[in-house]
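Down below is the structure, laid out as structure tokens.
The values are calculated or read from the model by the stated rules, or taken from the named source; none is laboratory data. Just so you know, these numbers come straight off a predicted model, no measurement behind them. Ideal geometry is used to build each Cβ from the backbone, glycine not excepted, and the neighbour counts take in all protein chains shown. Heads up: the accessible areas ignore ligands, DNA and RNA and are worked out on the full protein's heavy atoms, side chains in. Shrake-Rupley method; radii C 1.70, N 1.55, O 1.52, S 1.80 Å.
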Amino acid sequence: MVSTIDASGGATDTRGTDALSPGAQEYVNAYLQPYCTRLAQCCAQAGIPSSGMGPCESYELGFVKYLNDGSAVIVPSVIQTLLSQLNSSCDQPSYALIGATTDGTRTSGQPCVAPDQCAGTPALCLNGTCMTPPRGKAGDGCSVTCDDTSVCKWEVSSGKSPYSVCYDQDGLRCDSTTNTCVPVSAIGAACLTYSDCGAHAECTDGTCLALARVGQDCSSGQSCGPSLQCVSNASGTTYTCRALSVAWSGSCSP
């Protein structure tokens, strides 16, 4: 069982009677207990009520259900890096780092019902089978686009052989019509959809505009980049992009 601790640190009754699987219990011990403790502090700092350890742990466990059957395991080195970042700042860690706290155990060719069960990255759960896709080049057949804002694991049922991954970092995206890797539209170029412009830009009024970075002005409605928020100064006359607190995306009150 997982012990429940309220936000002030006082122990309360244990939560539930169902024992966790060894894999899930390891995740709780290694990551969720220190994470939820730190999150409660960040919630208080942001002025958001915390629901306590038990609800936080239950909520977060909902994202890693494949630990229960052993088709996913924790990645201690990633957990250590993530907790180190959180202990030094309440800034939102990258979603790519959060998503990498666990990894699948099933290798290419083995069955899957979700990409979280497939080992490594990039990884696809393609029509119920794990696959390690090649890194796509312009013109290659593809299934998905990946970037540095999230873990490159996808469940797919379509695409074009060799089902490669087009990487935003390479200036490519997987065109949903032709299923081939094509160049991402440049900043200032014309666009039709948000995906045309890549992970660090947006399609606004038919033109690709770069997302603002930390400290840059967002007063004119320009969107901030991943894990950032547009915040006004004390007088409310200017707006700049600042780091988003983990309290706003974490489970303060799930």
Legend entry - Solvent-accessible ranking of Val113, Val165, largest area first, probe 1.4 Å: Val113, Val165
Inset, instruction - Once you have a ≥ b ≥ c as the square roots of the Cα gyration tensor eigenvalues for segment 141-188, tell me rounded if a/c is under 1.5, and otherwise prolate or oblate according to whether a/b is larger than b/c. - result: oblate
Inset, instruction - Calculate the dipole size of segment 55-210 relative to its Cα centre from +1 charges on Lys and Arg beta carbons and -1 charges on Asp and Glu beta carbons; express the result in debye to the nearest 20. - result: 480
Legend entry - Whole-number accessible area per residue in Å² for the chain, which is evaluated in the context of all protein chains at 1.4 Å: 50
Legend entry - Qualifying lysines (Cα of each under 23 Å from Cα of Lys65; at least 8 residues distant if same chain): Lys153
Legend entry - Amide H contacts under 5 Å for Cys142, placed H, 5+ residues apart: Lys160, Tyr163, Ser164, Thr180, Cys181
Inset, instruction - Output ³J(HN,Hα) for segment 144-152: one whole-Hz value per residue in order, computed from phi by the Karplus curve 6.51 cos²θ - 1.76 cosθ + 1.60 with θ = phi - 60°, and x for Gly and Pro. - result: 9, 10, 10, 8, 8, 9, 7, 6, 8
Inset, instruction - Quick one: pull the percent of accessible area on the chain belonging to carbon and sulfur, 1.4 Å probe, ligands and nucleic acids left out. - result: 53
Legend entry - Charge-dipole axis of the chain as Lys and Arg at +1 and Asp and Glu at -1 on Cβ define it, positive-most pick from Ser58, Cys146, Asn233: Cys146
Inset, instruction - Please turn the phi angles of segment 182-187 into ³J(HN,Hα) values with the Karplus equation 6.51 cos²θ - 1.76 cosθ + 1.60 (θ = phi - 60°), one per residue in order, whole Hz, x for glycine and proline. - result: 10, x, 5, 5, 6, 4
Inset, instruction - Label segment 199-254 by shape, choosing from rounded, prolate and oblate, from the square roots a ≥ b ≥ c of the eigenvalues of the Cα gyration tensor; if a/c is under 1.5 it is rounded, and otherwise prolate applies when a/b is larger than b/c, oblate when it is not. - result: oblate
Inset, instruction - Name the long-range amide H neighbours of Ala212: under 5 Å, sequence gap of 5 or more, or other chain; modelled H, no Pro or chain starts. - result: Ser223, Cys224, Gly225
